[in-house]
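I have placed the structure first, in the form of C-alpha cells, so that the comments after it can refer back to it.
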Amino acid sequence: MKLPLYGLHKAHQKYEQLRSIARDVTAESLSGSYQDHAHIKLLGIDNEALKASAVWHDMECSRPKAEWSWQEVAKVYRKSFPKRFELSIWYGGTLCGLSYGRPSAGKTRMRIELIEGAPRSGNPLGPRRVVPITIMNATAYAGILGAKELRIMRPAKPLISYYESLDFEYVPSTGAEHFPDYLYKVLRQPV
C-alpha cells in the first residue's frame, strides 16, 4: 500500500527526527572513545555531503573503491526509504565517510547496505574510525527502531576479516541473488 503524499512526507519527517536523535546519542558517546571528538560531526546525507564525496573517485586509494555513485544512491534512498539509515561523518569541514542502510520489513534487523570512507590521503579520521563510528550510529538507530540485529550487506572481500574483528560474524551467500554475503551482530537489548 502506498502512502498518500502527505503521509509519506510525515513519515520522512518522523524518521529524520529519529535519525537525528541517534546521531546525537552517538556524538555524545564519541567523547568516551576519541580525544578529538569535538571535531567530529555526524549529519544526514545532504547535497553538501554528496558534492564533497564526488572528489573521492579521483583520489589515490589503497582500499577497494565504491562501485556506486553517492548522488544516484541518494536519489533512490531519499525517495524510496523513509525509514532509512543515513550518515555523513565530518571532521571539521572535511567529509570522512558516508553510509546508507535500512531496516528489514519488520524492523528486526538494521542493514548497513553502503559504507565508504574518504581515501586515506584526504581523511583526517584515518582508515579505522569511519566504520566504528558508523556502527555506533547504526546501532543507536537500530535500538530506537527496536531491531535486534545489525548487518553489513555485501562486504568487500578484503574487509571481511576487519568486520569480524569488530565482533561481526560472516555469512556467505548461497548464490541466490536475494541472499548475498553479509556479516551480522546480535545487538544487546536494554535491561
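The values are calculated or read from the model by the stated rules, or taken from the named source; none is laboratory data. Please read these numbers as outputs of a predicted model, since none were measured by experiment. Please note: Cβ atoms are built from the backbone with ideal geometry, for glycine as well, and neighbour counts cover all protein chains shown. Surface areas here come from the heavy atoms of the whole protein model, side chains and all, with no ligands, DNA or RNA. Shrake-Rupley method; radii C 1.70, N 1.55, O 1.52, S 1.80 Å.
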Practice problem: Among what's in segment 49-65 and is of a type outside the set (A, V, I, L, M, F, W, C) and more than 12 Å from residue 89 (Cα to Cα), pick the residue that is modelled with the lowest pLDDT. | Solution: 62
Self-check item: Unique match (being farther than 19 Å from residue 22 by Cα and part of a strand (DSSP E or B)) among 150, 183
Solution: 183
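Does segment 167-178 contain any residue that is under 23 Å from residue 21 (Cα atoms), in contact with a Phe, Trp or Tyr (Cβ under 8 Å, 6 or more places away or on another chain) and hydroxyl-bearing (Ser, Thr, Tyr)?
The answer is no; no qualifying residue exists.
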Quiz prompt | Some residue of segment 153-166 being assigned to a strand (DSSP E or B) and in contact with a Leu (Cβ under 9 Å, 6 or more places away or on another chain) | solution = yes
Self-check item: Residues that are loosely packed, with under 14 Cβ neighbours inside 10 Å and under 22 Å from residue 83 (Cβ atoms), drawn from segment 21-48
Solution: 21, 24, 46, 47
Quiz item: Among 102, 111, 128, which is under 15 Å from the mean Cα position of the chain (by Cα) and farther than 16 Å from residue 87 by Cβ?
Solution: 128
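For residue 176, are the conditions met, namely being surrounded by fewer than 20 Cβ atoms within 10 Å (Cβ to Cβ) and assigned to a loop (DSSP other than H, G, I, E, B)? Reasoning before the result, please.
Working: surrounded by fewer than 20 Cβ atoms within 10 Å (Cβ to Cβ): yes; assigned to a loop (DSSP other than H, G, I, E, B): yes.
Taking the combined requirement at face value, the residue satisfies it.
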Practice problem: Could you please let me know if residue 135 is modelled with pLDDT of 95 or more, hydrophobic (A, V, I, L, M, F, W, C) and outside any strand (DSSP E or B)? | Solution: yes
Quiz item: Got at least one residue in segment 114-124 being among the hydroxyl-bearing types (Ser, Thr, Tyr) and open to solvent by less than 20 Å² (accessible area, probe 1.4 Å)?
Solution: no
